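K.L.:
Quick one: the structure is below, and I'll ask about it shortly.
The values are calculated or read from the model by the stated rules, or taken from the named source; none is laboratory data. Keep in mind that this is a model prediction, so the values were computed, not measured. Note: ideal-geometry Cβ built from the backbone for every residue, glycine included; neighbour counts use all protein chains shown.
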Ligand SMILES: NC(=O)c1ccc[n+]([C@@H]2O[C@H](COP(=O)([O-])OP(=O)(O)OC[C@H]3O[C@@H](n4cnc5c(N)ncnc54)[C@H](O)[C@@H]3O)[C@@H](O)[C@H]2O)c1
């Protein structure tokens, strides 16, 4: 447990879905005594359908109720991270509700729209980049503005991926977005360090979340492997002998957000059981 997280105000984006990384991080921070705003898109539209992993408003409310039932403090807010005004409104909501902002976690992401580069349509590319990179830029920008104004430092974390460091077949937009997110993290760390704000990325390997399950179906099909065979091969490539679970990422995030992580910035921390090591 990290005493230093008690009373800290945290926003976690894309936290509505059960078994997601956002849910795990929001619950861990709340269990540490942080006051948490859980955010998600909340409604389907465009390329965002329930099959493609949209966190609905009722799912989000369920996550909040679970945190409250466990004795934590949480509220919900819906909005589209592709729209700058909606990201600014999320920051304003956290400040109005809890009196400030200490922790911002860019977790929401589009982990579908996979396929061969030569078949990718530009609007598919835009959808992935708009959420995974532009949305994180908006988050960093507006969270940092608030943290700088408060003058008490802060923590910004973005959930990148093993795909932020290595190539993954048929994921050109996703892999480009996650590589870009690590570059954005490093630059932001340079600029925000003087304000006492640390900026880091976490790079998980595969986790069977809603998004992860879609990826397994896609990738096993693309490789002509049965799902069981695909999962067994993936697991065999992890030195620690299992794929990730949401709590792995939540533990890393809690550490980076606590005082114990205060001298770590500009990092892209692998949480991958040894699968990724650079
Ligand atoms: N599951 C994995 O294997 C894995 C591995 C590495 C990195 N990641 C990353 O972890 C993060 C969380 O993914 P997850 O696997 O927990 O899946 P998830 O489906 O639980 O979470 C993704 C969330 O992003 C939200 N979202 C999508 N577009 C949005 C938008 N425009 N505005 C607001 N919210 C939006 C979705 O509604 C959803 O709730 C993603 O950034 C993903 O790329 C996942």
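K.L.:
Kindly list, by first and then second residue, each pair from a residue in the range 176-200 that is over 20 Å from residue 270 (Cβ atoms) to a residue that is at pLDDT 95 or above and part of a helix (DSSP H, G or I), limited to pairs with Cβ atoms under 7 Å and residues at least 6 apart or on different chains.
P.N.:
192/144; 195/147; 195/148; 197/144; 197/147
K.L.:
Can you tell me which residue among 232, 250, 213, 189 is within 13 Å of the ligand (Cβ to nearest atom), part of a helix (DSSP H, G or I) and either over 29 Å from residue 30 (Cα atoms) or at pLDDT 95 or above (or both)?
P.N.:
Among 232, 250, 213, 189, only 250 is within 13 Å of the ligand (Cβ to nearest atom), part of a helix (DSSP H, G or I) and either over 29 Å from residue 30 (Cα atoms) or at pLDDT 95 or above (or both).
K.L.:
For the range 96-113, name all the residues that are part of a helix (DSSP H, G or I) and surrounded by fewer than 17 Cβ atoms within 10 Å (Cβ to Cβ).
P.N.:
Those that are part of a helix (DSSP H, G or I) and surrounded by fewer than 17 Cβ atoms within 10 Å (Cβ to Cβ): 96, 97.
K.L.:
Contact list please: Cβ distance under 7 Å, first residue in the range 33-50 and in a loop (DSSP other than H, G, I, E, B), second residue loosely packed, with under 13 Cβ neighbours inside 10 Å, pairs at least six apart or on different chains.
P.N.:
33/6; 44/50
K.L.:
Further question on the same structure: Based on what the data block shows, is residue 59 part of a helix (DSSP H, G or I) and more than 10 Å from the ligand (Cβ to nearest atom)?
P.N.:
no
K.L.:
Does any residue of the range 43-53 turn out to be within 13 Å of the ligand (Cβ to nearest atom) and touching a strand residue (DSSP E or B) at 6+ places or on another chain (Cβ under 6 Å)?
P.N.:
No, because not a single residue in the range 43-53 is within 13 Å of the ligand (Cβ to nearest atom) and touching a strand residue (DSSP E or B) at 6+ places or on another chain (Cβ under 6 Å).
K.L.:
Quick one: in the range 4-24, which of the residues that are near the ligand (Cβ under 9 Å from one of its atoms) and part of a helix (DSSP H, G or I) is surrounded by the fewest Cβ atoms within 10 Å (Cβ to Cβ)?
P.N.:
So the residue we want is 24.
K.L.:
For the range 114-126, indicate whether the set of residues that are outside any helix (DSSP H, G or I), buried (at least 17 other Cβ atoms within 10 Å of the Cβ), more than 9 Å from the ligand (Cβ to nearest atom) and modelled with pLDDT under 95 is non-empty.
P.N.:
Yes, the range 114-126 has at least one match.
K.L.:
Among the residues of the range 67-83, which ones are in a helix (DSSP H, G or I) and surrounded by fewer than 16 Cβ atoms within 10 Å (Cβ to Cβ)?
P.N.:
Scanning the range 67-83 gives 68, 69.
K.L.:
Restricting attention to the range 147-181, report how many residues are away from the ligand (no atom under 12 Å from the Cβ) and in a helix (DSSP H, G or I).
P.N.:
The qualifying residues number 8.
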